[in-house]
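One structure is given below, encoded as structure tokens.
The values are calculated or read from the model by the stated rules, or taken from the named source; none is laboratory data. As the structure is a computational prediction, the values presented were derived from the model and not from experiment. Heads up, the Cβs are rebuilt from the backbone with ideal geometry, glycines too, and the neighbour counts pull from every protein chain shown.
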Amino acid sequence: MLVQVHHRGERGVDGILRLIQLAGHDGPLEQMLSAMGHELAAIAGVDIASVYVREGSSLVMRGNHGFPPTAIGTTLAIGEGITGLVAECMRPVSAAIGPAETAWRPVPGLGEERFPCFVGVPLIGHTGATVVGVLVLQRREGAFSTDEVTLATALGAPVTLAIERRIAAAQRSARLTGSAHVSGTVLGRAGAVPTTTALAGSPLELERALVRLRGDLGRALVRLAAADAPSVGAALDRFALALSDARLRERLAEVAERPDALRSVAKEYARAAFRASEEDKAIRSQAVAELEELCVLLGEPAALRPGFVWIADRIHSVMAIAAVARGAAALVAADAISPGAIAIARAAGIPTLSDVSGLFGWVRPGDLLAVDGSSGTVLVHPAATDVEALRRAR
């Protein structure tokens, strides 16, 4: 047998992959479902593709390809018309000539009579007990075959996914407030900064990790070259010093097989460095916090990616430098952010908030966040109107 790679250009395969991709979009629901309707119409070879979303006891058209834009918002009751019948019986329904059926309920102004061949399939939620919407396909002529009804049913899966994803997000939407430090508005996914107590798993590849952090330092130096705050330069110097400290590297190498021991290394090392200096315990506390952040970064947390909103219990200078280097969209802390970290974020223009009550109660890694560094507001799973307003503002 020959292995065949299905490259781009195969309409059916490309269209289905595009549907799956669209299901994860965060723009306005009607815009997303209408884009899905365009793909559905092309794959199924029909003139009209409509997506009705169940809202209470009604079905509301939230996506369409083929009808005028005014069709969006068309509302039917469960059980009303053939579309309502699909939702009521939770089974596909087809009609060779829809207008000839007694269940047909024409919507004034749509001109549905021009596309009498009809099939509607229920969009059944993951529990199997409820309908979240109905997918309707229509064309001018040619009754839908059993195979075409099967295809329509299968094509409903990514549409169902898109709707259920929005329902789940709406149930966890929240507006959180905190203290604003650096202005700016951004939209991004949440990336949780782990703590050293959470580090575990695979042994640490120390040399590779140190090379990666030196790269972070180099990029941060470039981005922060124009910073005039003395605390920024001091933080960069401490970062560089830690990376070049042979004694620290040796101690880290001793526990490389046990990532969960990194926290004890940070505390022991900082305590030893400042043992003779009891006059300023704050300095020692800062050193411990920064070394702990360095240990976290050695573990290469996958969540700390470019464009993500980095969320943490607390944020100090080392993590702020890494955020600058790796292109974080914003910094949000449930508790405090050190003055040095704020100065770094301000120099790089990264929106920054602290003291955000309920942050980890509402936010999970990967959640969509809208961060307003001017008002100190974090919107968790913002509504489509909020997302669109933010994008226009940006």
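Assorted remarks:
- Residue match in region 237-251 (condition: modelled with pLDDT under 70, in contact with a helix residue (DSSP H, G or I) (Cβ under 7 Å, 6 or more places away or on another chain) and closer than 20 Å to Ala341 by Cα): no
- For region 70-151, the strands (runs of 3 or more DSSP E) that sit wholly inside it and include 3 or more residues that are out of contact with any Pro (no Cβ under 6 Å at 6 or more places or on another chain) and buried (at least 19 other Cβ atoms within 10 Å of the Cβ) are 93-95, 117-124, 131-139.
- Test: residue in region 45-52 that is closer than 23 Å to Pro28 by Cα and small (Gly, Ala, Ser): yes
Every residue, every condition in (1) closer than 15 Å to Ala190 by Cβ; (2) without any contact (Cβ under 8 Å) to a residue 24 or more places away in the chain; (3) in the same structural domain as Ala289 (by TED's automatic domain parsing); (4) touching a His at 6+ places or on another chain (Cβ under 8 Å), yes or no:
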residue: Ala325; (1), (2), (3), (4): no, no, yes, no
residue: Ala329; (1), (2), (3), (4): yes, no, yes, no
residue: Ala334; (1), (2), (3), (4): yes, no, yes, no
residue: Gly340; (1), (2), (3), (4): no, no, yes, yes
residue: Leu359; (1), (2), (3), (4): yes, no, yes, no
residue: Thr385; (1), (2), (3), (4): no, no, yes, no
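- Within region 73-102, considering residues that are among the charged types (D, E, K, R) and modelled with pLDDT of 90 or more, the one farthest from Gly142 (Cα to Cα): Glu88
- Condition check for Val211: over 14 Å from Leu123 (Cα atoms), out of contact with any strand residue (DSSP E or B) (no Cβ under 7 Å at 6 or more places or on another chain) and not charged (D, E, K, R): yes
- Here is the figure for region 306-328: residues that are part of a loop (DSSP other than H, G, I, E, B) and buried (at least 22 other Cβ atoms within 10 Å of the Cβ) total 3.
- Scanning region 360-385 for residues that are assigned to a helix (DSSP H, G or I) and in contact with a strand residue (DSSP E or B) (Cβ under 6 Å, 6 or more places away or on another chain) yields a single hit, Trp362.
- Test result for Ala370, crowded, with 21+ Cβ neighbours inside 10 Å, under 30 Å from Ala227 (Cα atoms), over 18 Å from the mean Cα position of the chain (by Cα) and not basic (Lys, Arg): no
- Test result for Arg346, modelled with pLDDT of 95 or more, assigned to a helix (DSSP H, G or I) and not hydrophobic (A, V, I, L, M, F, W, C): yes
- Against the test of being part of a helix (DSSP H, G or I), under 16 Å from Gly156 (Cβ atoms) and under 30 Å from the mean Cα position of the chain (by Cα), the options Glu39, Glu30 yield a single qualifying residue, Glu39.
- Looking at Ala162, Ala157, just one residue is over 17 Å from the mean Cα position of the chain (by Cα), small (Gly, Ala, Ser), assigned by TED's automatic domain parsing to the domain that holds Arg62 and assigned to a helix (DSSP H, G or I), and that residue is Ala157.
- Residue check, Ala198 at pLDDT below 85 and over 24 Å from Ala383 (Cα atoms): yes
- Pairing residues of region 214-243 that are surrounded by 19 or more Cβ atoms within 10 Å (Cβ to Cβ) with residues that are not in a helix (DSSP H, G or I), at Cβ distances under 6 Å and at least 6 apart in sequence or on separate chains, gives Val232/Leu224.
- Set side by side, the residues Ala168, Ala143, Ala180 differ, and just one is out of contact with any strand residue (DSSP E or B) (no Cβ under 9 Å at 6 or more places or on another chain) and not polar (S, T, N, Q), which is Ala168.
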